[in-house]
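Accompanying notes for the structure given below.
The values are calculated or read from the model by the stated rules, or taken from the named source; none is laboratory data. This structure is a prediction, so every number in the text was calculated from the model and none was measured. Please note: Cβ atoms are built from the backbone with ideal geometry, for glycine as well, and neighbour counts cover all protein chains shown. Keep in mind that these areas ignore ligands, DNA and RNA; they rest on the heavy atoms of the full protein, side chains included. Shrake-Rupley method; radii C 1.70, N 1.55, O 1.52, S 1.80 Å.
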Amino acid sequence: MTMPGRFITLEGVDGAGKSTHLGFVAERLRARGHEVVVTREPGGTPLGETLRELLLHRDMDAGTELLLMFAARQQHLAELIQPALARGAWVVSDRFTDASYAYQCGGRGIDAARVAALENWVQQGFAPDLTLLFDVPAEVAESRRSAARAADRFEREADSFFNRVRQAYLVRAAAEPERIRVLDARQSIAALQDEIARLLDALA
């Protein structure tokens, strides 16, 4: 009998280190016998990846940014996420809608009601089963970003922007503590992965 699919997301400010642990999450789930689909936002589909290039590298109005994020998300759900879950696969995504509340509301200052309206229209109540929020102070994230590849449009934002993004994430986590689990991403990789493993193993 096919097990029901589950949807797991990884969130955090740029430089929090979530991408480091994406492969670990997928392999942990595969070791338990699940088919695992790994994806990302914005992106995940051919159209989504085209929109990602625009979002990361072209200047635009904050409202346009928000609408493009949800356009990519609509296609992501229809083309990849929902079909995978329907066949019993587990989907692991680098970001989802919590990022829109953090970046477009917290970072850009867009009214949360506008994001909620788009969320309701596009997702119709659909949400992740588990969200791992990798949390670090803005200055720690900045030092990690500076050592990485050339920065995109978001990564070039000031620490004040990322402080707002971080606080918006923590507000979301406080409102949904059962779904959003906050991880102190200043820990060692081994310590973080021990904690992640416990959370994944508890997800039936």
ask   = Considering amide H positions built from the backbone, and no H for Pro or chain starts, which residues 5 or more places from Ile110, or on another chain, come under 5 Å of its amide H?
value = Cys105
task = Enter the accessible area per residue of the stretch 160-200 (Å², integer; probe 1.4 Å; all protein chains in place).
result = 53
query = Where does each of 129-136, 28-35, 62-69 land if you order them by average Cβ count within 10 Å, highest first?
reply = 129-136, 62-69, 28-35
ask   = If you find the alpha carbon centre of the stretch 78-93 and of the stretch 101-130, how far apart are they in angstrom?
value = 20
ask   = Once the Cβ-Cβ distance between Ala86 and Ala158 is put in as r, and R0 is 35 Å, what FRET efficiency do you end up with, to the nearest 0.05?
value = 0.25
key: Stretch gain in nm, segment Leu67-Thr50, where the contour uses 0.36 nm per residue and the Cα spacing is subtracted   = 4.7 nm
inquiry  = Check which residues have an amide H placed less than 5 Å from Val37's amide H, if you skip close sequence neighbours.
reply    = Trp90, Val91, Val92
Carbon/sulfur fraction of accessible area - the stretch 51-204, other protein chains in place, 1.4 Å, % = 51
request  = Figure the gain on full extension for Glu178 and Phe126 (residue separation times 0.36 nm, minus the Cα-Cα span) and round it to one decimal in nm.
outcome  = 17.1 nm
task = Starting from the Cα-Cα distance between Phe24 and Gln167, subtract it from 0.36 nm times their residue separation and give me the gain in nm to one decimal.
result = 48.8 nm
Unit charges on C-beta of K, R, D, E only; dipole of the stretch 54-187, Debye = 160
message = If I take R0 = 25 Å and measure r between the Cβ atoms of His57 and Asp111 in this structure, what FRET efficiency does the formula 1/(1 + (r/R0)^6) give, to the nearest 0.05?
response = 0.45
message = Would the stretch 165-204 count as rounded, prolate or oblate if I go by the C-alpha gyration tensor, calling it rounded below 1.5 in a/c and otherwise prolate when a/b exceeds b/c, oblate otherwise?
response = oblate
task = With the Cα gyration tensor of the stretch 48-131 in hand, convert its eigenvalues to equivalent ellipsoid semi-axes via √(5λ) and list them largest first in whole Å.
result = 22, 15, 11
request  = May I ask you to give the average projected area over all directions of the convex hull of the Cα atoms of the chain, in nm² rounded to one decimal?
outcome  = 10.9
